[in-house]
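Engineer: This is the structure I want to talk about, given as structure tokens.
The values are calculated or read from the model by the stated rules, or taken from the named source; none is laboratory data. Here the structure is a predicted model, which means the values were calculated and not measured. Here the Cβ positions follow ideal geometry from the backbone for every residue, glycine too, while neighbour counts run over all protein chains shown.
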Amino acid sequence: MAIRKIRELGDEVLTKKCKEVTKMTIRSRILINDMLDTMYEEGGVGLAAPQVGILKRIVVIDVGDGPIVLINPEIIEQSGEQTGEEGCLSVPGKAGTVTRPNYVKARGLNEDMEEIEVEGEELLARAICHEIDHLEGKMYVELVEDGLHDVEYREEE
């Protein structure tokens, strides 16, 4: 597996709408594995294919309960509201306050192209919304309520 270069704010690829995945190919399997490796290496909880320069509707998420792979995901249910700090691997060193649903249910395909549903609250709901936004060419910075501010990440010892 490989660590891929994460595209950063200002890169045109992050503003483009992604294409639906119609079949699982070896290239898409490699992409998914590389995306997981890259997300873990960078300490993120989610990563969307356009963040590594690939315009496919694929996201990976892990909020601590193991990896979730969603292909062609869509939110089919949402409720409640949460406002909190949000960051993005494509906007390093910055964060901002964003309001998102507190609960979401998403439908998509897994790596075997089987339909799955994923339900999440709080951080998982936030991550699902954030990553699906990337597939539409939207970044969280468009939703920030109080401007971006610098954040420092402590190095793990």
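Engineer: Just the residues that are touching an Asp or Glu at 6+ places or on another chain (Cβ under 7 Å) and either of a type in the set (Lys, Arg) or without any contact (Cβ under 8 Å) to a residue 12 or more places away in the chain (or both), please, taken from the stretch 42-83.
Structural biologist: Arg57
Engineer: Also, quick follow-up: Checking Leu143 against (1) within 19 Å of Gly84 (Cβ to Cβ); (2) out of contact with any helix residue (DSSP H, G or I) (no Cβ under 9 Å at 6 or more places or on another chain), which test does it fail?
Structural biologist: Leu143 satisfies every listed condition except (2).
Engineer: Among the numbered criteria (1) in contact with a helix residue (DSSP H, G or I) (Cβ under 8 Å, 6 or more places away or on another chain); (2) under 24 Å from Val151 (Cβ atoms); (3) not small (Gly, Ala, Ser), which one does Cys18 miss?
Structural biologist: Failed condition: (2).
Engineer: Does the stretch 1-29 hold any residues that are over 12 Å from Gly53 (Cα atoms) and part of a helix (DSSP H, G or I), and which are they?
Structural biologist: Answer for the stretch 1-29, where residues must be over 12 Å from Gly53 (Cα atoms) and part of a helix (DSSP H, G or I): Ile26, Arg27, Ser28, Arg29.
Engineer: Additional query: Within the group Arg27, Arg57, which residue is buried (at least 19 other Cβ atoms within 10 Å of the Cβ) and not polar (S, T, N, Q)?
Structural biologist: Arg57
Engineer: Moving to a separate point now. Listed residues Leu47, Leu89, Leu148; which is surrounded by fewer than 19 Cβ atoms within 10 Å (Cβ to Cβ) and within 22 Å of Asp11 (Cα to Cα)?
Structural biologist: Step by step, each of Leu47, Leu89, Leu148 is checked, and only Leu148 is surrounded by fewer than 19 Cβ atoms within 10 Å (Cβ to Cβ) and within 22 Å of Asp11 (Cα to Cα).
Engineer: Here's another thing I want to ask about it. Within 22 Å of Leu14 (Cα to Cα), at pLDDT 95 or above and surrounded by 15 or more Cβ atoms within 10 Å (Cβ to Cβ): does that describe Arg100?
Structural biologist: Against the criterion (within 22 Å of Leu14 (Cα to Cα), at pLDDT 95 or above and surrounded by 15 or more Cβ atoms within 10 Å (Cβ to Cβ)), Arg100 qualifies.
Engineer: Can you confirm whether His130 is modelled with pLDDT of 95 or more and in contact with a Phe, Trp or Tyr (Cβ under 7 Å, 6 or more places away or on another chain)?
Structural biologist: Judged against the criteria, His130 is a match.
A quick yes/no check of all residues on (1) under 18 Å from Glu74 (Cα atoms); (2) among the basic types (Lys, Arg); (3) free of Cβ contacts under 8 Å to residues at least 24 places away in the same chain; (4) surrounded by fewer than 19 Cβ atoms within 10 Å (Cβ to Cβ):
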{"position": "Glu12", "(1), (2), (3), (4)": "no, no, yes, yes"}
{"position": "Cys18", "(1), (2), (3), (4)": "yes, no, no, no"}
{"position": "Thr22", "(1), (2), (3), (4)": "yes, no, yes, yes"}
{"position": "Tyr40", "(1), (2), (3), (4)": "no, no, yes, yes"}
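Engineer: Condition test on Asn33, is it of a type in the set (S, T, N, Q) and touching a Gly at 6+ places or on another chain (Cβ under 7 Å)?
Structural biologist: no
Engineer: Sticking with this one: Just a yes or no: is a residue in the stretch 105-123 more than 21 Å from Ile6 (Cβ to Cβ), among the basic types (Lys, Arg) and either touching a strand residue (DSSP E or B) at 6+ places or on another chain (Cβ under 8 Å) or surrounded by fewer than 19 Cβ atoms within 10 Å (Cβ to Cβ) (or both)?
Structural biologist: The answer is yes, given that some residue of the stretch 105-123 is more than 21 Å from Ile6 (Cβ to Cβ), among the basic types (Lys, Arg) and either touching a strand residue (DSSP E or B) at 6+ places or on another chain (Cβ under 8 Å) or surrounded by fewer than 19 Cβ atoms within 10 Å (Cβ to Cβ) (or both).
Engineer: Say whether the condition of being surrounded by fewer than 21 Cβ atoms within 10 Å (Cβ to Cβ), touching a helix residue (DSSP H, G or I) at 6+ places or on another chain (Cβ under 9 Å) and among the polar types (S, T, N, Q) is met by at least one residue in the stretch 64-77.
Structural biologist: For the stretch 64-77, residues surrounded by fewer than 21 Cβ atoms within 10 Å (Cβ to Cβ), touching a helix residue (DSSP H, G or I) at 6+ places or on another chain (Cβ under 9 Å) and among the polar types (S, T, N, Q): present.
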